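The block underneath contains the structure these notes are about, expressed in structure tokens.
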Number of protein chains: 2
Amino acid sequence: MSQKRYLLTPGPTPVPPEVLAAMAEPVIHHRSPDFKDVFNGAVERLQQVFRTRNDVLVFTSSGTGAFESSVVNLLSPGEPVVVVSHGEFGTRWQKLAAAFGCEVVALDYAWGAQPRAEDVARVLSESGARVALLVHSETSTGVVSDIRSLVEACNDAGVISVVDAISSLGAVPLETDDWGVDVVVTGSQKALMTPPGLAFASISERAWARSQEATLPRFYWDWANARKNQAKGSTPFTPATSLVVALNAALELILAEGLESAHARHVALGRACRAGAKAMGLELYSPDNDGAAVLTGILTPEGIDAVALRLALRDRYGITIAGGHGDIAGRLFRIGHIGYVDIFDITTALGAVELQLVEMGTTVQRGAGGAAALAAYAAAV
Amino acid sequence: MSQKRYLLTPGPTPVPPEVLAAMAEPVIHHRSPDFKDVFNGAVERLQQVFRTRNDVLVFTSSGTGAFESSVVNLLSPGEPVVVVSHGEFGTRWQKLAAAFGCEVVALDYAWGAQPRAEDVARVLSESGARVALLVHSETSTGVVSDIRSLVEACNDAGVISVVDAISSLGAVPLETDDWGVDVVVTGSQKALMTPPGLAFASISERAWARSQEATLPRFYWDWANARKNQAKGSTPFTPATSLVVALNAALELILAEGLESAHARHVALGRACRAGAKAMGLELYSPDNDGAAVLTGILTPEGIDAVALRLALRDRYGITIAGGHGDIAGRLFRIGHIGYVDIFDITTALGAVELQLVEMGTTVQRGAGGAAALAAYAAAV
């Protein structure tokens, strides 16, 4: 039998068959009425998932591209910008802002830490920055920050907040309008259950006003041009039409489930994965609380190489999970549970980890992980 | 019966069913060995289609994005750059370079004109520019420029040539290495028979050297970072994995046909389309020669609105063709014949034009267009 495959990384994530089927439809022209209907429908559904009435712009790019659009539309050369980092992606946004000649005011935490609103308030006040870049779900660690309080600190200081919600939007609550988030950036390939290649940014009125003063050069990422074209039901440059069709199908599924149900499902999957890992005697790397609903970071037992474990899971069982970065790469593996994931994906991943850890000489109580995961899930739903 | 659809625009173009099926395969992770094999295979096949040993970088974006990458990797603020325009896309590249603060030295021709090497040589010499932006196939007019001679003028002056080959590569000959083209940019959605969302740039050693001196800011478009990651079989940021899988399938089809055969097919389709249009008594807008193998621009008879014609073709016959821009929008329609197109697509398009022109009160000899197209095709192959 050809090996079945399971994708359990925190992005790209598995895509529902209906969405894959939509991807395979014949290509339509991006200035045709067929496309216009799909595109407008997708943008309207994105607004529902973003919980906003703001414009949501669609870019053909990865999430990093849409995040770059925020930097080049909101900032000017030499301008200070506060960039909060508590993991790989915060550090990426610091490099991005520095690449564009901004004066990066870094608020750095250890990997795995939770950024604090009072620190953000202090750094904003000291720096005089008018824009802050924040990470909602830090995919490298599994930490989901209390973005509401961080954004509140920005709003108290009259500072525009740009939130990397790439692995969080659709998985955990993010109330763009109610919380007053100026710019929310996400990508198609995480909780939105679509293949990678599209990225989105919602933009508040205040951010639009700011973008008119910001002088960093932009063309492909120009928000004003994108808005003008989206008003006509298309994009300035040929978009990934097949991905837009797929996205629209995925958003219909998400809204049919309901955002609150999706959030509850992610909480339940997180609980199940953590309970299973602990029952197997494994140590958690990501936080052990309901906030960590995007992915579960787990440390291997002493002496077990996480890279070897992942390779074996892939080669022997067809299961792709994520590794770790930096110092912890030899011990950390991450199971993503965002998007089109259910409890049996979790028990499958834990089952494969059990099989392989025993193979590698670890003592694991047979079935304990799966049993605990099922029980935690049952209690959660 | 639900209406059959025909996409006959010069991009996006129709995609073969095998490629659509590849698009619908389950998503794979962009750092997995499964992806690495597909990605490396696609890049190697791209090099064959580009006719180059240079690096070919893959961006998740539309063609404009990859073209922007050339500007930001090769130029510095305030630096002169020669930008040749003989249609909409040349003008777009002038705006792009201006948006990044370059001093645009415009070499402008009337829409539909052929740029001349001696003009390029003169402007290069007068301006002192070290980079020139050129258009191979000007999609707005159907003119395919004699890019070999234009590039030769650049090389004689020691100037780096950047060629927009977005609608030409794979349809008409472009010998990147033999002709010494420094940078060739194309997109997935034209002759490469893949849905839109990927774009590519091949980069010569001279262009690599230049990019190390160029100071325009870049992050998403950074060539050096892309090259570093491609050496490991992936991309710096999550690519449109499904599109890469589709591209690889499409490139296999293209190389199985053979590049020379594909070029000959495009010449034959261009001859057929022009012969058919003329037999119907219609005036050509695009050049009436074998160079114009990408698309055929046709003027409606006096008093027939091209927009109304196109809308009727779409609504009554399911056929999408392209319109015109600017002054000529009321008279011009364009039939694309790049990529996955055969002679029967041409006779279908001409047949629908015939039906609709008669409906709109024009006298057209029944069947003359199709007959002439078939005869021209038969004579060409």
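Applying a threshold of 26 Å to the alpha-carbon distances of A:95/A:278; A:190/B:232; B:95/B:232 flags A:95/A:278; B:95/B:232 as lying beyond it. For residue A:259 and residue B:366, the FRET efficiency from 1/(1 + (r/R0)^6), where r spans their Cβ atoms and R0 equals 60 Å, is about 0.55. For residue A:180, the point set 7 Å out from Cα toward Cβ sits 6.2 nm from its twins in the other copies, listed from shortest up. What is the percent carbon and sulfur in the accessible area of the protein assembly as shown, measuring with a 1.4 Å probe over the protein chains and ignoring ligands? Roughly 50 percent, rounded to a whole number. Quick one: check the C-alpha center-to-center distance for the range B:210-267 versus the range A:119-168, whole angstrom. One Cα centre to the other: 35 Å. Only one residue of B:240, B:54, B:167 has its Cα farthest out toward the positive end of the dipole of the range B:17-256, where Lys and Arg carry +1 and Asp and Glu -1 on Cβ, and that residue is B:240. Inter-chain neighbour count for A:308-321: the average number of beta-carbon atoms from partner chains within 10 Å of each residue's beta-carbon is 1.
Placing a label point 7 Å from Cα along the Cα-to-Cβ direction at residue B:1 gives distances to the equivalent points in the other copies of 4.2 nm, listed shortest first.
Site pair residue A:18 and residue A:98 shows an inter-label distance of 4.6 nm when each label is modelled 7 Å from Cα along Cα→Cβ.
Annotation: per residue accessible area for the range A:258-380 equals 39 Å², rounded to a whole number [probe 1.4 Å, protein chains only]. When the P(r) of the range B:258-380 is calculated, the portion above 18 Å amounts to 47% of the C-alpha pairs. Buried area at the A:B interface is about 3700 square angstrom, summed over both chains, from accessible surfaces computed with a 1.4 angstrom probe.
Computed from backbone phi, the HN-Hα couplings of the range A:335-350 come to 9, x, 9, 10, x, 7, 10, 10, 4, 6, 5, 5, 5, 4, 4, 5 Hz, rounded to whole numbers (Karplus: 6.51 cos²θ - 1.76 cosθ + 1.60, θ = phi - 60°; Gly and Pro given as x). Helical runs assigned H by DSSP (4 residues or longer) give the protein assembly as shown a calculated mean residue ellipticity at 222 nm of -14000 deg cm²/dmol, each run adding -39500 (n - 2.57) before division by the residue total. Note on residue A:119 and residue A:213: the extension gain reaches 31.1 nm, defined as 0.36 nm multiplied by sequence separation minus the Cα-Cα distance. Look at the stretch A:12-22: the mean tally of other chain Cβ atoms within 10 Å of its residues' Cβ atoms is 3.
Could you give the accessible area per residue of the range B:70-114, probe 1.4 Å, as a whole number in Å²?
I get 32 Å² per residue for this part.
Name the aspartates and glutamates eligible as straight-distance cross-link partners of residue A:4: C-alpha to C-alpha under 16 Å, and not fewer than 8 places from it in the same chain. Within the straight-line limit of under 16 Å, residue A:4 reaches these aspartates and glutamates: A:315, A:345, B:25, B:34.
Apply the Kirkwood formula to chain A: the hydrodynamic radius equals the inverse of the mean of 1/r over all pairs of different alpha-carbon atoms; give it in Å with one decimal.
Evaluated on chain A, it is 21.2 Å.
A Förster radius of 30 Å, combined with the Cβ-Cβ distance separating residue B:342 from residue B:110, puts the computed FRET efficiency at roughly 0.35.
Measuring from each Cβ of chain A to the axis carrying A onto B, the nearest residue and its distance in whole Å come out as A:24, 2. Within 10 Å of the Cβ of each residue in B:170-181, the mean number of Cβ atoms contributed by other protein chains is 0.
The values are calculated or read from the model by the stated rules, or taken from the named source; none is laboratory data. Only a predicted model underlies this, so the values are computations on that prediction, with no experimental measurement involved. Backbone-built Cβ (ideal geometry, glycine too); neighbour counts: all protein chains shown. In case anyone asks, the SASA skips ligands and DNA or RNA and just uses the protein heavy atoms, side chains included. Shrake-Rupley method; radii C 1.70, N 1.55, O 1.52, S 1.80 Å.
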